[in-house]
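Asks: One structure, as structure tokens, below. Some questions next.
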Amino acid sequence: MLKLAYVGGLGMMAGPAATHLTADGPARVLRVQDRGTQGGSRDRYRMDWQAHGAELVPTLQQLAGNGDLDGVVVCAGKNGDDVAIISELTNLLRAVSTTRPFILHLSTVSPDFAEAATSFCASQQVDYVNYPLTGGPLGAQLGGSDPKGMLILASGDAAIYQRLLPLLQRLGHPRYFGSSPAAGAITKLVGHHMVFNGLNGIATAAAIHADCFNQGRLGGDEQFDYLAFLNGGAGGTRQWELGLSKGIATDNWEQGFSIHHAVVDAIYAARLAVAAGLSRISIQAMTNTAFTFSYLLNRYPGQTLATHAMAREMIRSGSADLDRFMTERGAFGADADAVIAACVASLPEKIRDSALLEVTTAHFESGLD
């Protein structure tokens, strides 16, 4: 049975593991980092982890212990958040472990992060793999026992994947995408091109319906019925069911994929499209979405909004302000790389730092003694 510790175990994606991992294995979590943030689902996950038998500890040093772990699971933030976590954990595990430990990184990060982290950790005699998750909080809650449980996008060392497979099958539905350390990260961003372009399409449809049929507003039974009917045709998108339908039906613009995370994912996805040599039409669709999320973050500071809230800014009453923001911040420049850099610069500082483009091994090495 694997002996593990969790970083980010009180979050919506990793917290449900406390109930999926039972006494009969395939893993036992000895410690979970708890930095003391209160509220939301964290209190429930605290109780779940304690019922599992895990100790809640405040620091990474306490989490690493004295060499009693096979590995650490990390499900925390983006490049700029996780680079210091991976660096410190690697240093701690290297110092205390008698056998070669591993870090299972479940966060959505950029492909260059996964490549650099793999190289850095290997140089310190620690194995690293990045297996991003997709399916949202509901998928994480359902786990591997439910067909609608979250997907786990695995890649990297095949032997590590086979070792972790029984654990992964409890948490969700894993699929292995090959030996490249970055293949899982790339696959997650491919999925984001599907998701965010579907989001843009259904939000555009709602804005046109609002202007032509609904007195310029979003919401109401008539609009819900219209869009639900049309989405059932050949041009439908799951972003109606998963997101926009909540806003139209109940004026709920908070529940769903938080733009605080989505905006960074969209930036990574745009960079992937550039690296893949795609046409500007593919790249611009993603940068436009990222700029729209940035606009929401700047206009509603401190609020938690889900991605489908972009529809509110696309109707006639709000579109001019959104266009002005995008134009002034450089959304429509001639060079795609410059547009991506301008989008990052437009973000609130904390989220801008979290994005951390162009990750190299030097970012991890700066944390070594």
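The values are calculated or read from the model by the stated rules, or taken from the named source; none is laboratory data. If you're wondering where the values come from, they're calculated on a predicted model, not measured in any experiment. Counting neighbours? That spans all protein chains shown, and the Cβs are built from the backbone with ideal geometry, glycine included. Surface accessibility is based on the protein's heavy atoms, side chains included, excluding ligands, DNA and RNA. Shrake-Rupley method; radii C 1.70, N 1.55, O 1.52, S 1.80 Å.
Asks: Pairs only if they're at least six apart or on different chains, beta carbon under 7 angstrom, first in the range 287-313 and closer than 15 Å to residue 355 by Cβ and in a helix (DSSP H, G or I), second open to solvent by 10 Å² or more (accessible area, probe 1.4 Å) and of a type in the set (Lys, Arg); list them, first residue then second.
Replies: Hits for this filter: 291/329.
Asks: Another one. State whether the residues of the range 265-272 include one that is of a type in the set (Lys, Arg) and closer than 21 Å to residue 340 by Cβ.
Replies: So in the range 265-272, the residues of a type in the set (Lys, Arg) come out as 271.
Checking the rest, the ones that are also closer than 21 Å to residue 340 by Cβ come to 271.
The answer is yes; a qualifying residue exists.
Asks: Of the residues 142, 164, 104, 151, only one is within 22 Å of residue 263 (Cβ to Cβ) and not small (Gly, Ala, Ser); which?
Replies: On the way: 142 fails: within 22 Å of residue 263 (Cβ to Cβ); 164 fails: within 22 Å of residue 263 (Cβ to Cβ); 104 fails: within 22 Å of residue 263 (Cβ to Cβ).
Answer to the selection: 151.
Asks: How many of the residues making up the range 188-200 are open to solvent by less than 40 Å² (accessible area, probe 1.4 Å) and either out of contact with any helix residue (DSSP H, G or I) (no Cβ under 7 Å at 6 or more places or on another chain) or more than 30 Å from residue 77 (Cβ to Cβ) (or both)?
Replies: 2
Asks: Of the numbered conditions (1) in contact with a Lys or Arg (Cβ under 6 Å, 6 or more places away or on another chain); (2) surrounded by 19 or more Cβ atoms within 10 Å (Cβ to Cβ), residue 252 fails exactly one; give the number of that condition.
Replies: The one condition residue 252 does not meet is (2).
Asks: How about the range 289-334: which of its residues are closer than 24 Å to residue 240 by Cα and polar (S, T, N, Q)?
Replies: 289, 292, 294, 303, 304, 307, 317, 319
Asks: Tell me the residue from 11, 53 that is small (Gly, Ala, Ser), touching a residue at least 24 places away in the same chain (Cβ under 8 Å) and on the phi < 0 side of the Ramachandran plot, please.
Replies: Values: 53 fails: on the phi < 0 side of the Ramachandran plot.
Checking each option against the conditions leaves just 11.
Asks: List pairs: first in the range 203-224 and over 23 Å from residue 238 (Cβ atoms) and open to solvent by 40 Å² or more (accessible area, probe 1.4 Å), second of a type in the set (Asp, Glu) and at pLDDT 95 or above, Cβ under 9 Å, 6+ apart or cross-chain?
Replies: 213/222
Asks: Now for a different question. What residue, of 324, 299, 312, 316, is closer than 25 Å to residue 215 by Cβ, buried (at least 20 other Cβ atoms within 10 Å of the Cβ) and of a type in the set (D, E, K, R)?
Replies: 312
Asks: Filter the range 1-40 down to the residues that are over 18 Å from residue 82 (Cβ atoms) and of a type in the set (Ser, Thr, Tyr), then identify the one that is most open to solvent (accessible area, probe 1.4 Å).
Replies: Filtering first and then ranking leaves 19.
Asks: Which ones in the range 352-369 are open to solvent by 20 Å² or more (accessible area, probe 1.4 Å) and at negative phi? Explain how you work it out, then say what you get.
Replies: The first filter runs over the range 352-369 and keeps only residues open to solvent by 20 Å² or more (accessible area, probe 1.4 Å), leaving 352-353, 356-358, 360-363, 365-369.
If the condition is that a residue be open to solvent by 20 Å² or more (accessible area, probe 1.4 Å) and at negative phi, then 352, 353, 357, 360, 361, 362, 363, 365, 366, 367, 368, 369 are the ones that fit.
Asks: Next up: Just checking, how many residues over the range 261-282 are open to solvent by 10 Å² or more (accessible area, probe 1.4 Å), hydrophobic (A, V, I, L, M, F, W, C) and either assigned to a helix (DSSP H, G or I) or under 11 Å from residue 190 (Cβ atoms) (or both)? I'd like the intermediate steps shown before the answer.
Replies: From the range 261-282, those open to solvent by 10 Å² or more (accessible area, probe 1.4 Å) are 261, 271-272, 274-282; that's our starting set.
Filter again for hydrophobic (A, V, I, L, M, F, W, C), leaving 272, 274-276, 278, 281.
Narrowing the set further to residues that are either assigned to a helix (DSSP H, G or I) or under 11 Å from residue 190 (Cβ atoms) (or both) leaves 272, 274-276, 281.
So the answer is 5.
Asks: Which of the strands (runs of 3 or more DSSP E) found entirely inside the range 93-185 contain at least 1 residues meeting this: open to solvent by 10 Å² or more (accessible area, probe 1.4 Å)? Please lay out each step first, then the result.
Replies: Values: elements: 102-105, 127-130, 151-154, 173-176.
Per the criteria, 127-130, 151-154, 173-176.
Asks: Identify, from the list 259, 315, 248, the residue that is closer than 20 Å to residue 134 by Cα and β-branched (Val, Ile, Thr).
Replies: Details: 315 fails: closer than 20 Å to residue 134 by Cα; 248 fails: closer than 20 Å to residue 134 by Cα.
After applying the criteria, what remains is 259.
Asks: Residues being at pLDDT 95 or above and more than 30 Å from residue 108 (Cα to Cα): count how many of those fall in the range 233-249.
Replies: The total comes to 1.
Asks: Can you confirm whether residue 280 is modelled with pLDDT of 95 or more and of a type in the set (Lys, Arg)? If you could, list the steps in order and put the result at the bottom.
Replies: Details: modelled with pLDDT of 95 or more: yes; of a type in the set (Lys, Arg): yes.
Yes: the conditions hold for residue 280.
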